[in-house]
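K.L.:
First, the structure itself, so that you have it in front of you.
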Amino acid sequence: MPVLAHPDFFADVRVNAVFNEKGLAGIHNFWSFDEEYSESTFASADKNGDGILSKKECEWLKKTVVDDLAKNNYHNYVLVSSDFIKAQKILNFKAFMENGHLVFDFLVEFTVPVTADYTMLVIVVNDQTNYMSMTTDMDSSGAEAPSNIVVEYFADNLDGLTLFRPFRSDIKGLFVRFKTK
């Protein structure tokens with residue numbers, strides 16, 4: 001019988017599949033944390049107490065909070081055909097406060113080459129341990145691609161449609177297909 005812990009904190013999430021001329025380049029993540037977690041984590045990170053996260057303080061946050069998530073694919077799961085692919089690394093990490101919420105903004109690098117035929121991806125951002133409750137704003141999620149790639153996507157917003165078998169049935173994600181023009 002599976003056991004789920006209660007979440008210790010919450011994050012509202014937006015995701016975008018990011019393509020370059022060669023295919024999928026990564027998943028752009030934008031995580032906005034609940035006020036309580038934001039206050040305590042910001043207080044720990046703001047070493048000089050000036051109320052602004054410096055580059056050095058952002059690096060500390062990345063190392064302390066995000067780098068440890070590598071073992072869990074940074075909570076980014078990309079399914080190609082029937083295989084999950086491994087995240088390569090984090091790029092362009094930024095952390096800042098916005099309206100009382102700590103925000104992490106970063107790209108998780110994945111590589112899936114573009115071909116002349118459609119490649120189907122299923123993208124989920126979720127903490128399967130339920131330590132952090134992540135709610136993805138599917139209306140603000142999507143894809144960005146150069147003009148040489150055709151990208152179509154839709155959110156899994158319909159009850160019972162989900163293909164995310166390893167996840168709880170209420171987890172939503174993004175279906176993306178792409179090919180060369």
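K.L.:
Open to solvent by 90 Å² or more (accessible area, probe 1.4 Å) and assigned to a helix (DSSP H, G or I): does that describe Glu57? Quick ask: steps written out before the conclusion?
P.N.:
Working: open to solvent by 90 Å² or more (accessible area, probe 1.4 Å): no; assigned to a helix (DSSP H, G or I): yes.
For Glu57, the condition - open to solvent by 90 Å² or more (accessible area, probe 1.4 Å) and assigned to a helix (DSSP H, G or I) - is not met.
K.L.:
Since Lys71 meets every condition but one in (1) surrounded by 17 or more Cβ atoms within 10 Å (Cβ to Cβ); (2) part of a helix (DSSP H, G or I); (3) charged (D, E, K, R), which condition does it not meet?
P.N.:
Single failed check for Lys71: (1).
K.L.:
What is the number of the single condition among (1) open to solvent by 60 Å² or more (accessible area, probe 1.4 Å); (2) over 28 Å from Asp34 (Cα atoms); (3) modelled with pLDDT of 95 or more that Pro146 does not meet?
P.N.:
Unmet condition: (1).
K.L.:
Can you pull out every residue in the range 112-137 that is more than 15 Å from the chain's Cα centre (by Cα), surrounded by 15 or more Cβ atoms within 10 Å (Cβ to Cβ) and assigned to a strand (DSSP E or B)?
P.N.:
Listed by number, the residues that qualify are Val112, Thr119.
K.L.:
Filter the range 138-154 down to the residues that are outside any strand (DSSP E or B) and farther than 19 Å from Lys181 by Cα and list them by number.
P.N.:
Within the range 138-154, Met138, Asp139, Ser140, Ser141 meet the criteria.
K.L.:
Could you tell me which of the residues Asp117, Asp105 is charged (D, E, K, R), farther than 22 Å from Glu21 by Cβ and out of contact with any helix residue (DSSP H, G or I) (no Cβ under 7 Å at 6 or more places or on another chain)? Lay out the reasoning, then the answer.
P.N.:
Working: Asp117 fails: farther than 22 Å from Glu21 by Cβ.
Answer to the selection: Asp105.
K.L.:
Check whether at least one residue in the range 102-109 is buried (at least 19 other Cβ atoms within 10 Å of the Cβ) and either modelled with pLDDT under 95 or over 19 Å from the mean Cα position of the chain (by Cα) (or both), and report yes or no.
P.N.:
Checked the range 102-109: no residue is buried (at least 19 other Cβ atoms within 10 Å of the Cβ) and either modelled with pLDDT under 95 or over 19 Å from the mean Cα position of the chain (by Cα) (or both).
The values are calculated or read from the model by the stated rules, or taken from the named source; none is laboratory data. Just so it is clear, the structure is predicted and the values come from calculations on it, not from any experiment. Here the Cβ is made from the backbone with ideal geometry for all residues, glycine too, and neighbour counts use every protein chain on show. In case anyone asks, the SASA skips ligands and DNA or RNA and just uses the protein heavy atoms, side chains included. Shrake-Rupley method; radii C 1.70, N 1.55, O 1.52, S 1.80 Å.
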